[in-house]
1. With V100, V91, V86, V126 as the choices, which residue is out of contact with any His (no Cβ under 7 Å at 6 or more places or on another chain), over 19 Å from G51 (Cβ atoms) and of a type in the set (V, I, T)?
2. Going by the conditions given, is V126 crowded, with 16+ Cβ neighbours inside 10 Å, free of Cβ contacts under 8 Å to residues at least 60 places away in the same chain and not hydroxyl-bearing (S, T, Y)?
3. Looking only at segment 75-105, count how many residues are surrounded by 14 or more Cβ atoms within 10 Å (Cβ to Cβ) and modelled with pLDDT under 85.
4. Looking only at segment 1-32, count how many residues are part of a strand (DSSP E or B), surrounded by 16 or more Cβ atoms within 10 Å (Cβ to Cβ) and modelled with pLDDT under 90.
5. Within segment 138-173, take every residue that is open to solvent by 80 Å² or more (accessible area, probe 1.4 Å) and in contact with an Asp or Glu (Cβ under 9 Å, 6 or more places away or on another chain) and give me the one that is farthest from I7 (Cα to Cα).
6. What residue, among those in segment 18-51 that are without any contact (Cβ under 8 Å) to a residue 60 or more places away in the chain and touching a Phe, Trp or Tyr at 6+ places or on another chain (Cβ under 9 Å), is farthest from R131 (Cα to Cα)?
7. Do we find that E63 is loosely packed, with under 14 Cβ neighbours inside 10 Å and in a helix (DSSP H, G or I) in this structure?
Amino acid sequence: HEAGHAIVGLITAPEDRLHKVTIEARGRTLGAAHFAPDVDRHLHTRRYLTGIIAKALGGRAAELVFVGPEHVTSGAGGDLVQATGVARRMVADFGMSDDVGLIRADASSATGQPSGALAGQIDTAVRALIRAQADRAEALVREHRAAVEAVADALVERDVLDADEVITIARAH
C-alpha cells in the first residue's frame, strides 16, 4: 500500500518531494508516505491536482494489483477522503470540470446552496475524476510493478525508507 503511494506520487506529483515512507504504525495509521512541497504554493494546476488524487489512490491501486479486489483492505479510507476533497474542490470551487463549467458551488458563499441538479452534476463529475485517477494509479502500479514490489520488500525488511533509498530502488527496477 505505502509503496504504491510512493511510486505513484513520485510520478504524478513530482512537485511534492518525497521525504520518507514507513510501515510503522502510528495511531490509526499503519504506515505513511510522507510528501511535502519544497515551497508553499497558493496556485495549483489541474495537472498537479489530478496528480495528488492519483497519489492518494496509489495505495489502493497497489492492493488491487498485488492482492486482487477481494483482498483490498480498509487502509484506503483516509486516502479516499483526501482524493474526494481535492476532486470536489476542482469541480465545485475551481471550475476545472468541462461538464459542470465555470461555477463556484460553495454552500457557504453568497450564491447559497447549489440546486439539486447542479449538486448531482458535481457529484457525477467528482466520481468521474476520481475514477479516472484511480485507473491512472492502477496503470502506473502495473507499469512499475517491479519498483513497487521492490520498495514494498525493502519496507518489510527495514520499516522506514528515506526518499533517496526509495528513488534508488525505483530506478533500479
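The values are calculated or read from the model by the stated rules, or taken from the named source; none is laboratory data. Please read these numbers as outputs of a predicted model, since none were measured by experiment. Neighbour counts run over all protein chains shown; Cβ positions are idealised from the backbone, glycine included. Calculation scope for accessible area: heavy atoms of the full protein, side chains included, ligands and nucleic acids excluded. Shrake-Rupley method; radii C 1.70, N 1.55, O 1.52, S 1.80 Å.
1. From the options V100, V91, V86, V126, the qualifying one is V100.
2. yes
3. Residues in segment 75-105 being surrounded by 14 or more Cβ atoms within 10 Å (Cβ to Cβ) and modelled with pLDDT under 85: 2 in total.
4. Here is the first cut: in segment 1-32, the ones part of a strand (DSSP E or B) are 16-22, 26, 29, 32.
Adding the requirement that they be surrounded by 16 or more Cβ atoms within 10 Å (Cβ to Cβ) leaves 16, 18, 20-22, 32.
Retained after the next criterion (residues that are modelled with pLDDT under 90): 32.
Residues meeting the conditions: 1.
5. Once the filter is applied, the top-ranked residue is R158.
6. Here the answer is R41.
7. The answer is no for E63.
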